[in-house]
Amino acid sequence: MTTVALVGGEVTARSRRVRNRFTWGLAAVALCLLVAPLVWLLAGVVDQAVGGWQWSALTEVTTGIGGGLANTIAGTFVLLLGVAIVAGGVGVAFGIYLADVARPGRFTGLLQAASEVLSGVPSIVFGYVGYVALVVGLHWGFSLLPAVLVLSMLVVPYVAKATETSLSRVSTGYREGAEALGMSRTHMLRRVLLKAAAPGILTGLIIALAISVGETAPLLYTAGFSNSYPTTHLLHAPVPYLTYATWTFWNQPGQQVKNLAYDSSVLLVTIVLLLILLARLLARWSQRYAPDTGRGTRRKERGGGAPRRGPTGRGPGGRGPGGGGPGWGGPDGTGGPGVLGPSGSGVGAQGPGAARQAAGSDGAGPGVAATELERPEAAAPPELARLVGAGQ
């Protein structure tokens with residue numbers, strides 16, 4: 001029996017290793033199928049651009065048979081600025097409404113469904129609607145304002161979803177601690193919640209800008225094109241942009257104009273990569289305001305964390321096996337005084353496994369000792385105090 005069991009165990013282990021290697025092989029093949037076309041496309045574009053690259057493309061404006069791309073670069077950044085203002089403001093406000101203002105119900109569900117449907121509409125449909133409603137219907141002509149509005153409509157759902165998700169992931173302890181400190185809802189949102197959700201919001205906004213910078217169809221219907229630099233006029237002033245040069249110049253007979261198409265493609269790829277890099281850097285920089293990232297206060301939910309003493313002997317206790325939030329340790333680092341609720345019952349947080357029971361007015365829940373009632377700030381999470389202090 002022992003021999004049969006050993007042989008069976010070896011067969012099972014060998015079969016598991018084979019399946020594991022087969023799965024990793026399929027993953028490697030899928031990665032190659034995903035990356036290979038991208039590398040091939042980028043290598044081809046860069047190779048064509050390097051062969052006819054001229055630095056004058058960055059300083060000269062476009063002409064009918066050549067010139068440079070300076071005006072299209074300026075127009076692209078003007079469009080990005082407009083989209084950042086409009087889509088950023090509307091998307092962040094919409095996300096805040098869905099996450100912290102709207103109550104669950106049919107209307108909220110309808111708004112969320114409409115946002116998801118809007119994100120799936122083809123961009124050329126946005127462009128055609130913008131052409132009919134804004135360029136022709138309101139007689140705005142090909143200009144900056146209709147182009148910015150159409151591009152903003154295209155990416156607002158992404159910004160709103162990123163904002164809603166980031167705010168929803170903020171720890172409930174932040175809200176409870178802010179309410180315990182007497183913050184109003186607006187003050188709590190501005191000083192605590194938005195700072196904690198900043199990494200996700202900034203990343204979503206910049207990714208939305210990277211999406212808008214590569215759009216062509218909406219701009220063909222709304223922005224037109226110009227061989228001069230963009231102006232400050234919002235109406236009746238066509239705007240140049242890089243995607244027009246990529247789409248139009250490639251099919252022209254002259255080689256110099258074709259080279260501009262390849263140059264504009266490389267510039268577009270470079271701008272997108274820089275935007276993605278900027279999103280990563282901003283997310284890392286703002287991560288200090290994210291939940292549970294304070295030095296010496298981060299605790300994993302699995303297992304019981306050892307208490308750490310602060311400079312005054314009051315350290316945040318780790319999480320106990322029974323759950324609970326990061327508690328405030330007493331002099332021995334084990335207790336978990338909470339904050340008194342409106343009914344006088346404390347919402348206590350557990351230490352490494354045992355929280356002190358203190359009688360509130362109704363004698364329910366882990367509360368605070370009588371000596372702690374006069375100091376509600378002592379029960380505030382350290383990350384919350386760090387967030388509020390950073391905004392002052």
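The values are calculated or read from the model by the stated rules, or taken from the named source; none is laboratory data. Keep in mind that this is a model prediction, so the values were computed, not measured. Here the Cβ is made from the backbone with ideal geometry for all residues, glycine too, and neighbour counts use every protein chain on show. Heads up: the accessible areas ignore ligands, DNA and RNA and are worked out on the full protein's heavy atoms, side chains in. Shrake-Rupley method; radii C 1.70, N 1.55, O 1.52, S 1.80 Å.
Structure summary
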{"item": "Potential extension, Ile85-Leu278 segment - 0.36 nm per residue separation minus Cα distance", "result": "67.8 nm"}
{"item": "Pairwise label distance in nanometres, Trp53 with Thr12, each label 7 Å out on the Cα-Cβ vector", "result": "5.9 nm"}
{"item": "Chain lengthening between Ala102 and Ser119 when straightened (0.36 nm per residue, less Cα-Cα)", "result": "4.1 nm"}
{"item": "Whole-number D in µm²/s for the stretch 207-283 (Stokes-Einstein; Kirkwood sum over Cα pairs; 4 °C, 1.567 mPa s)", "result": "94 µm²/s"}
{"item": "Nearest-10 value in Å² for the accessible area of Lys258, using the 1.4 Å probe", "result": "70 Å²"}
{"item": "Stretchable slack from Cys32 to Arg169, in nm (0.36 nm times residue separation minus alpha-carbon distance)", "result": "46.0 nm"}
